[in-house]
Structures are given as C-alpha cells and as structure tokens.
Amino acid sequence: MNPSRYHKLSLILVVVIALCLPLVVRSATYLHILILLYLYAYLTTSWNLVGGFAGVLPLGHATFVGIGAYTSTILSLQYGISPWIGMLVGAVLSSVVGVIIGLPTFKMRGAYFALATIAFAEGIRVMVENIDYLGPFQLNGPRGLQIPPLNTGLANMMFASKEPYYYIILVMLVGVLALTWFISRSKLGYYLVAGGEEPEAAQALGVNVARAKLIAMALSSFLTAFAGTFWAQFTLYIHPKSVMSLDISFEIAFIALIGGRGSIAGPMLGALLLRPVGDFSRIYFGDKLPGLHLIIFGVVLVLVMFYQPRGLQEPLTRIYNRAMRHLFGGGETA
Amino acid sequence: MKILELKKVRKSFGGIMAVESFSLDVEEGEIVGLIGPNGAGKSTLFNCVAGVFPPTAGEILFRGEKINNQKPWDLCRKGLARTFQIVKPFASRTVLYNVMVGAFITTDKRAEAELRAMEVLRHLHMEDCKDVRAGNLTIADRKRLEIAKALATRPRLLLLDEVMAGLRPTEVDEMVAIIKRLRDAGMTIFVIEHIMRAIMALSDRIAVLHFGTKIAEGSPQEVAHDERVIKAYLGEEYGAA
C-alpha cells in the first residue's frame, strides 16, 4: 500500500471516531471537555496562519474571539438576526480590525510585535468593559450579555443538549484544518513561510512579505471570530473577561508552541495534550490550587522548548510514520 | 543594449560615505566583476541596486527605467535577482521548497512552480538533495542554493554577492563553470568576488572600488596591471607575478 493511501485511511478513521464519540461519551462533563478541546484546537489552528506560518507571535487573538462573540450576540439580541448571519458579520468586522492592527504592528519584530498585539487586545477589552452603549449597540460593560435560552433549534444555533454543539465545532475544526492544509501548499503558504524565516531573502525573491502577512492576518482574524460566536452560543453568556481576556490569547500560544507552530497537526496535538490537563486540574484541584494548570503548562512548555523546539508534532510524526511502515510494510517511504 | 546603468550613485549612512559618485554601465549578456578591499562599499552598492535602500544621490536605471526607489520584490518581478553574501536559506524547509518560493513568481500553481524549481535544480546538479533540509546543507551547497533560488525567478540580471567565498578550489571551478553557463544561456551577471583567480577567469570587465570610489575599470588584464589597483587591493606581489 502506498503511503498517501494509509495517510488518507488513518485520517478517515480519526474523523469517523470523532463522529461516533458522542455515542460513547454520555457524560455531559466529558462532552463539554471535548467541545472545549475542539474549540481550542480550532482557535489555535486559525492563529497558526499568522503565528505559525508567518513566523510572528501574536498574543492578542482574544480580541477577535470577542468581536465575533459580541457582534453575533448583539445582532441576535437587539435585532433578532440569526447567529449564523451574525457569525459572518462578526468575521468580516474582525478581519477589518485584524488588518488595522496588523498594518502598524507587522513592521515590528519579535517580542515588540507580541507586546504590541497584547496592547491592542487589552486596550479593546478595557474599552468594552467601560462602555455600556456603543452608539445604538448595547454592550453592558463588565456585566456582559446574556442570551436567554428560549428559541432552541439549528436556525438560532442554540440547543438544549451538548451533542449539536459538538458536531458544529467538529465541522468547523475539520474545515479550518482542511483550509490550513490547502494554504500550506499554496503560493500564499510558501510566501508566508519564506517571509517568516528570512524576510530579506524572501523579498529578494519577489515576495511582498508585509502583504502576505496582512492577508494571513485577515484570514486568521476572520476564522477566529467564528469561534467567538460559537462560544457565545455555547455558554449563552459573554462578558469581556470571558471572551476577550489575555488568558485566551496565552492559552492559544501555549497550545501552538507545545504542539508545534507552523505545522498542520501541531495545534491539534497541543490541544489534545493541554486541554485535558487544564480541565482535570481545574476539576480536581480547582478549589485548593486554582491556576495549577497554568503552572503545568509552563513546565511543559519549558521542557518541550528544551528538547523539541519545533514542538511535539515533529517526534510524533516520526513515530507515526515508523508505525505505519511497520503495519503496512510501506518500504522506504517516509 | 545597456541593462543596468549607474550614474554618479552616492550612498551615505548618516555622516559616513559608503559609496561616492559611482558610475558604471552593464551591457546585456556581460559578466561584470566588482572587486575591492573589505568595507569598500561593494555590498552597499548591490543593496542600492537591488532596492534594499535607495541611493542618497545619483540614478540607477534598469533596462532604461529609473529604479532608485523601487522595492526589492518589485525589482525581482522585473527581472533583477540577487544572492546574499551571508546566505539566507529558509533553513527549516527542504531545498525544493526553497527554490519553489522563487519559482512562484510567475505562477500561482504549485505543480508548475515545482516543475520549474526542479528544472533549476537539475541545471545546478542539485536534484539529489532536493529533499534535504536547507539548514543541513554544506556551505558549498548553500551557496548553490542561493543561486538556485535567484534563478527560479528567471532573472535577466543576476547580482552575485561573494558566492565563492568559503569554497574549496574544486568547488570554485565548478561555480565558475556554472556562472559561465548562465551567461551562455543569455543572462547578464554582475558579480562581487574576492577570489581573484575566479573573477579574472569569469569577468568580461572589472570595476574596482576603494573607499567608496571607483579607482579603475577595464578588462581583467588592464585592471590587474593598474598601479592604483595593485597598491590598494591586489598587493605588490600580485603585480610582480
């Protein structure tokens, strides 16, 4: 059997398992953990377009989660517009904000870029916390917005049980992974990687590095806003601390760095590893040692950066390939 | 036809004059060498031509068009490619990937870019290491990769910045042969080099830069016997030989 065949087969297997999981996992708690795992895998994969491929470290992506969440929620609460449409509006708006943030900040390098994105994100969060009304739109400042669970159903992206949410985020995740795979093999992907690794060399090869990064930023913030809408519909209550806080941005970066930036599998692997650690430490130690998961993340990050600076995706891919070779006897293929 | 014209180009950084009133014409199909001691301003001049920064004064014309303030990526699209003295491979990616970045300049299709990149690699006898990570290459192969990347953009004029530094003598000979082949294929080449044996064998014409000013220009023979060049750069023994 040739290697691309067994890659495809194992991918299909994974998707089938994911589709069947809710039949096995009956506990709402575990399903909740899985949904958040997918959500973070989705967020990190969207982030990865900029933070991974373009080689910069944005630490303000919570802003785009917030824009997505607030836009769709306000549109549905005040104007009765379906969150599905609000999701798109939020994404467009988020994209515009992403480009506005990107224009000045992409001129900076390394830590300065990271700090600038934090500054933008925190600035926007503080503004939202202090505004009750933005023109005709009711933001409610720090109290946030509550979505009354009245009209459940697909049209309103609101469900009484967790299974529908599970399938929605699963579809979103598969979609964003496919998109990333497609981009990584496209001209844009090559230009992003080149511009991220050696900007001067890339420019000399005809790459407008700044433009490539802005396109990536627009795409990334667009996709991230979708997650915001999903989050709002899933929890039915949003406030600046829940959808715009730095914690979200940091956790995305943790997952990406540990899983492997710039790879397609990295964010997925990072989320698979870190999210359960976080959730279970919160379940079992939440009362005695709140924040324990952050310490664990820190330790894991240090260890990974020390021994596998490209993230866990690299050794795991190697093991996977070797296992596949043993199983199917693919010969000299890698 | 003149492909590149430099007219009284000057470049200063703050109060420091890097290049002063430098004029030179490069004809289509020529190999022109640029030599001079370290710090003479050779790379600065290349950077001005390639659009990294604009000259302080003077004019640079590429195929008759003034390009003083144009950006590197636009110039590359117009047919002006360069290599870097300190090689800049996309280290985490394969050789093929590196070259494909250049090849994407005229196409949006991956298959086409790959085809073109492979052509270039074959031309430089690098097809065997196409799947090697660029960061793992030997210095000679890194230098060749620099050229491969630039060639993938299909340039009319190629600026080579010390592509032979650090190579063994046999590798230098190989590189000279490669560059000559490129010229025979119709490319114009402007080359900075320190290895005199190579630059003498390659160049149709040589310009000598010293403290930012041109002190000589002519055929390799003329330059090698020029009093000022011997004094400033080649050394007395070279003139005697």
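Selection over the stretch A:130-169 of residues that are part of a helix (DSSP H, G or I) and closer than 19 Å to A:Ser82 by Cα gives a count of 8. Working only within the stretch B:46-100, note down all residues that are under 19 Å from the mean Cα position of the chain (by Cα) and among the hydroxyl-bearing types (Ser, Thr, Tyr). B:Thr83, the sole residue that qualifies. Of the strands (runs of 3 or more DSSP E) that lie entirely inside the stretch B:159-241, those containing 2 or more residues that are under 19 Å from B:Ala140 (Cα atoms) and not hydroxyl-bearing (Ser, Thr, Tyr) span B:188-192. Taking the criterion of being facing chain A (nearest Cβ under 9 Å), under 15 Å from B:Asp161 (Cβ atoms) and either of a type in the set (S, T, N, Q) or touching a Cys at 6+ places or on another chain (Cβ under 8 Å) (or both), the only residue of the stretch B:83-115 that qualifies is B:Thr83.
From the list A:Leu205, A:Leu179, A:Leu219, A:Leu170, the one residue that fits, being within 22 Å of A:Leu21 (Cα to Cα) and either among the aliphatic types (A, V, I, L, M) or surrounded by 18 or more Cβ atoms within 10 Å (Cβ to Cβ) (or both), is A:Leu170. Filtered by the rule that a residue be surrounded by 11 or more Cβ atoms within 10 Å (Cβ to Cβ) and not β-branched (Val, Ile, Thr), the stretch A:133-150 gives A:Leu134, A:Phe137, A:Gln138, A:Leu139, A:Asn140, A:Gly141, A:Pro142, A:Arg143, A:Gly144, A:Leu145, A:Gln146, A:Pro149. Listed conditions (1) in contact (Cβ under 8 Å) with a residue 60 or more places away in the chain; (2) farther than 18 Å from A:Ile215 by Cα are all met by A:Ile85, apart from (1). Here the stretch B:57-67 is the region considered, the condition is being part of a loop (DSSP other than H, G, I, E, B) and crowded, with 16+ Cβ neighbours inside 10 Å, and the residue that is farthest from the other protein chains (Cβ to nearest Cβ) is B:Arg63. Based on this model, can you work out whether A:Ile183 counts as within 14 Å of chain B (Cβ to nearest Cβ) and either in a helix (DSSP H, G or I) or on the phi > 0 side of the Ramachandran plot (or both)? In short, yes. Just wondering, is there one or more residues in the stretch B:216-238 that are basic (Lys, Arg) and buried (at least 18 other Cβ atoms within 10 Å of the Cβ)? No, there is no match, as no residue in the stretch B:216-238 is basic (Lys, Arg) and buried (at least 18 other Cβ atoms within 10 Å of the Cβ). For A:Thr117, the test of being in a helix (DSSP H, G or I), modelled with pLDDT of 95 or more and closer than 16 Å to A:Val56 by Cβ is passed.
Name the one entry in A:Val277, A:Val302 that is surrounded by fewer than 18 Cβ atoms within 10 Å (Cβ to Cβ) and under 15 Å from A:Tyr40 (Cβ atoms). Selected residue: A:Val277, the only one of A:Val277, A:Val302 that is surrounded by fewer than 18 Cβ atoms within 10 Å (Cβ to Cβ) and under 15 Å from A:Tyr40 (Cβ atoms).
Exactly one residue out of A:Leu21, A:Leu31 is in contact (Cβ under 8 Å) with a residue 40 or more places away in the chain, in contact with a Pro (Cβ under 8 Å, 6 or more places away or on another chain) and farther than 18 Å from A:Ala121 by Cα: that is A:Leu31. Considering the stretch A:232-334, there are no qualifying helices (runs of 4 or more DSSP H) wholly inside with 3 or more residues that are among the hydroxyl-bearing types (Ser, Thr, Tyr) and touching a Phe, Trp or Tyr at 6+ places or on another chain (Cβ under 9 Å). Which of the following residues is without any contact (Cβ under 8 Å) to a residue 40 or more places away in the chain and surrounded by 20 or more Cβ atoms within 10 Å (Cβ to Cβ): B:Ala152, B:Ala198? One residue alone meets the criteria, B:Ala198. The condition (being under 30 Å from B:Gln70 (Cα atoms), part of a helix (DSSP H, G or I), away from every other protein chain (no Cβ under 11 Å) and among the small types (Gly, Ala, Ser)) is satisfied by just one residue among A:Ala216, A:Ala210, A:Ala194, A:Ala201: A:Ala216.
One residue is enough: does the stretch B:172-186 have a residue meeting the conditions within 30 Å of B:Gly235 (Cβ to Cβ), free of Cβ contacts under 8 Å to residues at least 24 places away in the same chain and of a type in the set (A, V, I, L, M)? Among the residues of the stretch B:172-186, at least one is within 30 Å of B:Gly235 (Cβ to Cβ), free of Cβ contacts under 8 Å to residues at least 24 places away in the same chain and of a type in the set (A, V, I, L, M), which makes the answer yes.
The values are calculated or read from the model by the stated rules, or taken from the named source; none is laboratory data. Just so it is clear, the model here is predicted, and its values are computed rather than measured. When we count neighbours, we look across all protein chains shown, and the Cβ atoms used for this are built from the backbone with ideal geometry, even at glycine.
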